[in-house]
Amino acid sequence: MMKRFFVYLFLLILPCAVAYADDFFDNYAGVDNAWDGQRAITNKEFEEAINVLEGDKKKKEEKKRKKKVKKISGGGTSLHNVLDPKSEILSQDEIKPDDKNQGQLLNIPLSLYIGNKSIESGYYNVYGERDKNDRNVYLSFYQAHDFIGKVPAYVTEDDYNSDSINFVKLIPYNENFVKIIYGSLDFNAYAFVQISN
């Protein structure tokens, strides 16, 4: 009985499959002639098409750049002509260092003798200065704008493995002295300063 069922099923499906196959192959009958309507493109036409596509890309990039500028500057012109987004950026003058070097902040945790007087513990600005007459180097100590005193220092090539060019540190030396190391763009120096009891 099962065999008969399959035979009847096959006889019913066969005409449908033949009709579908006939329709399927009718749609693809023109595959061999698909390239007949095409024409060859010259190199010049290809380059023109690429240029048009690149021009569109450049327009999109310019539009994105203008959108970013508008976000930053707020759009429109600024109150200052120099900040106008359409103006050219002027070249900057070379940065010249100040004649007077910048002081470095030093935390002194104990009392020291600077010159002939004793100073209390605290924060001091230390300036490395070279005397114009005798070319000796001194470390000058300031607290706020008040000059506290200065000590002679010795120029060295050692940078004391510092991470920056400008530095000042206090290093214990022995029971009576501390070593203050100083570094700047002009020179590196050290000085021994007596501890005040």
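Throughout, read-outs are computed from the coordinates displayed, never taken from laboratory work. Bear in mind that the values here come from a model prediction, so they are computed numbers and not experimental data. No Cβ is skipped: glycine too gets one built from the backbone with ideal geometry, and neighbour counts run over all protein chains shown.
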Requested in this report: Provide the packing ranking of 5-12, 140-147, i.e. peptides ordered by the mean count of other C-beta atoms within 10 Å per residue, highest first.
Outcome: 140-147, 5-12
Query - Placed amide H near ILE148: partners under 5 Å, 5+ positions off or other chain - result: PHE141, TYR142, GLN143
Query raised in the report: How much space per residue, in cubic angstrom, does the convex hull of the C-alpha atoms of segment 104-194 take up?
Result: 104 Å³
Query raised in the report: Given H placed on each backbone N at 1.01 Å, which residues far from ALA153 in sequence or on other chains put an amide H within less than 5 Å of it?
Result: VAL137, TYR138, LEU139
Query - TYR154-SER118 FRET efficiency (beta carbon distance; Förster radius 22 Å; 0.05 resolution) - result: 0.45
Query raised in the report: Which length gain, in nm to one decimal place, applies between ILE165 and GLN143 when the Cα-Cα distance is subtracted from 0.36 nm times their residue separation?
Result: 5.7 nm
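Subtracting the Cα-Cα distance from 0.36 nm times the residue separation, let me have the gained length for ASN136 to LEU14 in nm, one decimal. Present the calculation step by step, with values, prior to reporting the outcome.
On the way: separation 122, 0.36 × 122 = 43.92 nm, distance 11.30 nm.
Residue separation times 0.36 nm, minus the Cα-Cα distance, leaves 32.6 nm.
Between LYS44 and ASN176, what length comes free when the chain is fully extended (0.36 nm per residue of separation minus the Cα-Cα distance, one decimal in nm)? Each step should come with its number before you reach the end.
Values: separation 132, 0.36 × 132 = 47.52 nm, distance 8.90 nm.
Roughly 38.6 nm would be gained on extension.
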